[in-house]
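Take a look at the structure set out below.
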Amino acid sequence: MIGRIVKAVMLTCLLAIVVIAVQKIQSEVSQAPLKEWAYPKAEKGKEGTDQPPLIWAKFTTTDPFEKVLKFYLQKISPIGSPLERLLERSPKVKSVTVYSGRPPDVTISAYFYDDNPLGKLGVCVTRQPNKTISITIFQRAKEKKTTIIVTIDQR
């Protein structure tokens, strides 16, 4: 009888360890896309979700708005892309949408920028096969922190 109890306890412990390991792996896998799109050295807020298909997080940094916007524009428009070439020619473009690639690998990148007395706002969006990445960047007037909201829709 004691042998059965010991076996039951060991089996229960083993199952608990397996469940914890699976949950940890799933959490790390769902966080991987956010790591790819997180701004370097930004502080991650408590807001957000890591549950697919919609993953999002809020980050803040003391880096200036312009530096953050440039970082994300380079991420969604690699060197030589149509968006990168357009912004190189006309850096003050307020909004644009460009298409690159051919179906089914077409990538759509869009960008919007507004600078007004209340603050600065930038939105970078890229649509890739099976996911859309949207980055909203804002800095209120007279505020030193830049806020970044990264959203990944995996539908």
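The values are calculated or read from the model by the stated rules, or taken from the named source; none is laboratory data. Just so you know, these numbers come straight off a predicted model, no measurement behind them. FYI the Cβ positions are ideal-geometry reconstructions off the backbone, even for glycines, and counts take in every protein chain you see.
Looking only at residues that are of a type in the set (A, V, I, L, M) and more than 20 Å from LEU69 (Cβ to Cβ) in region 34-55, which one is surrounded by the most Cβ atoms within 10 Å (Cβ to Cβ)? The selected residue is ILE55.
Only a single criterion out of (1) in contact with a helix residue (DSSP H, G or I) (Cβ under 7 Å, 6 or more places away or on another chain); (2) at pLDDT below 75 is not satisfied by ALA21, namely (1). Filtering region 63-80 to residues that are buried (at least 17 other Cβ atoms within 10 Å of the Cβ), outside any helix (DSSP H, G or I) and at pLDDT below 85 leaves only SER77.
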